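A quick write-up on the structure given underneath.
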Amino acid sequence: MTIKTLAYNQLSISEKDVYEVMGYHDTWPDETTQQETQAIIDDVRRWLRPQFCFFVCQKLPAFDIGRIIERQLKGSEAYTLFICTSGVEFEAYQQRLKQEGDMVRVFIADSLGSVIAEKCADQMEIAVQQSIDKLGWHHTNRFSPGYCGWHVSQQQLLFPLFEGHTCGVRLTDSSLMLPIKSVSGIIGLGKEVRHLDYTCGLCNFEKCYKRHKKQ
């Protein structure tokens, strides 16, 4: 099991990353929104401690991952299971903003949290690749319950495999992760697999964050 805590500056987050999640794909927000965004970033960077954990298994666990992910994992010689999170501190920060009732700041923080979780997952992928470089292996894209036909309820099968080492992330009965700004899933490993562009044409989930990012 590999567990790592990161600092904000290790995530390489740009303002543009946050603005894209906020919906500003080809435009820039007004000056007031830019100032609010920067204020939240400056606040968060002081104390943020996102985490990731992962381990490698030789056999694909008994998940019902669906045909799309099954095809993407084809040729894997082993598998990485992972959990990444923005952290309990960020979750508490979001709740505090909601209690204060400033919905603009709530929206900005929500967008920033999504970016933090994904950037943390990017760092996890880098660590995974470093761990398999000596084998001459590559890794696939990461795939999560709730996307590409893998039902979110499968979280209930994924999380017990970590034997309690979940970076503080827990599941609700409805398979929602807490902290909410968390990512979990699987990555294929091997000599013949590759990391590819997300093939959105194979999937009809219109709300997928990868689809939005591609657009």
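The values are calculated or read from the model by the stated rules, or taken from the named source; none is laboratory data. In this text the structure is predicted, and so the values were computed from the model without any measurement. Because the Cβ atoms are built from the backbone with ideal geometry, glycine has one as well, and the counts that use them run over all protein chains shown. The protein model used for the area step is the full one, side chains on, heavy atoms only, and it has no ligands, DNA or RNA in it. Shrake-Rupley method; radii C 1.70, N 1.55, O 1.52, S 1.80 Å.
Structure above, values below:
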| item | result |
| --- | --- |
| Total residues in the stretch 112-146, condition touching a Phe, Trp or Tyr at 6+ places or on another chain (Cβ under 8 Å) and either not in a loop (DSSP other than H, G, I, E, B) or not small (Gly, Ala, Ser) (or both) | 13 |
| Residue tally, condition among the acidic types (Asp, Glu) and crowded, with 20+ Cβ neighbours inside 10 Å, over the stretch 108-123 | 1 |
| Hits in the stretch 71-90 (condition: at negative phi and either over 20 Å from the mean Cα position of the chain (by Cα) or surrounded by fewer than 18 Cβ atoms within 10 Å (Cβ to Cβ) (or both)) | ARG71, LYS74, SER76, GLU77, ALA78, VAL88, GLU89 |
| Positions within the stretch 6-52 being open to solvent by 70 Å² or more (accessible area, probe 1.4 Å) and within 26 Å of VAL169 (Cα to Cα), in sequence order | ASN9, GLN10, SER12, VAL21, ASP42, ARG45, ARG46, ARG49 |
| Unique match (being within 20 Å of the chain's Cα centre (by Cα), part of a helix (DSSP H, G or I) and among the hydrophobic types (A, V, I, L, M, F, W, C)) among ILE3, ILE68, ILE13, ILE40 | ILE68 |
| The stretch 67-87, residues that are in contact with a Leu (Cβ under 9 Å, 6 or more places away or on another chain), of a type in the set (A, V, I, L, M, F, W, C) and at pLDDT below 95 | ILE68, LEU73 |
| Residue count, the stretch 124-144 (criterion: of a type in the set (D, E, K, R) and open to solvent by 40 Å² or more (accessible area, probe 1.4 Å)) | 2 |
| Conditions (1) touching a residue at least 40 places away in the same chain (Cβ under 8 Å); (2) part of a helix (DSSP H, G or I); (3) closer than 22 Å to PRO160 by Cα; (4) open to solvent by 20 Å² or more (accessible area, probe 1.4 Å): number failed by ARG105 | (3) |
| Which numbered condition LEU97 misses (of (1) in a helix (DSSP H, G or I); (2) of a type in the set (A, V, I, L, M); (3) touching a residue at least 60 places away in the same chain (Cβ under 8 Å)) | (3) |
| Some residue of the stretch 54-67 being in contact with a Cys (Cβ under 7 Å, 6 or more places away or on another chain) and surrounded by fewer than 18 Cβ atoms within 10 Å (Cβ to Cβ) | yes |
| Among residues of the stretch 147-174, those that are outside any strand (DSSP E or B), open to solvent by 10 Å² or more (accessible area, probe 1.4 Å) and either aliphatic (A, V, I, L, M) or touching a residue at least 24 places away in the same chain (Cβ under 8 Å) (or both), counted | 13 |
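Yes/no per residue for (1) under 14 Å from the mean Cα position of the chain (by Cα); (2) within 17 Å of LEU196 (Cα to Cα):
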residue	(1), (2)
ALA121	yes, yes
THR140	no, yes
PHE159	no, no
MET177	yes, no
SER182	yes, no
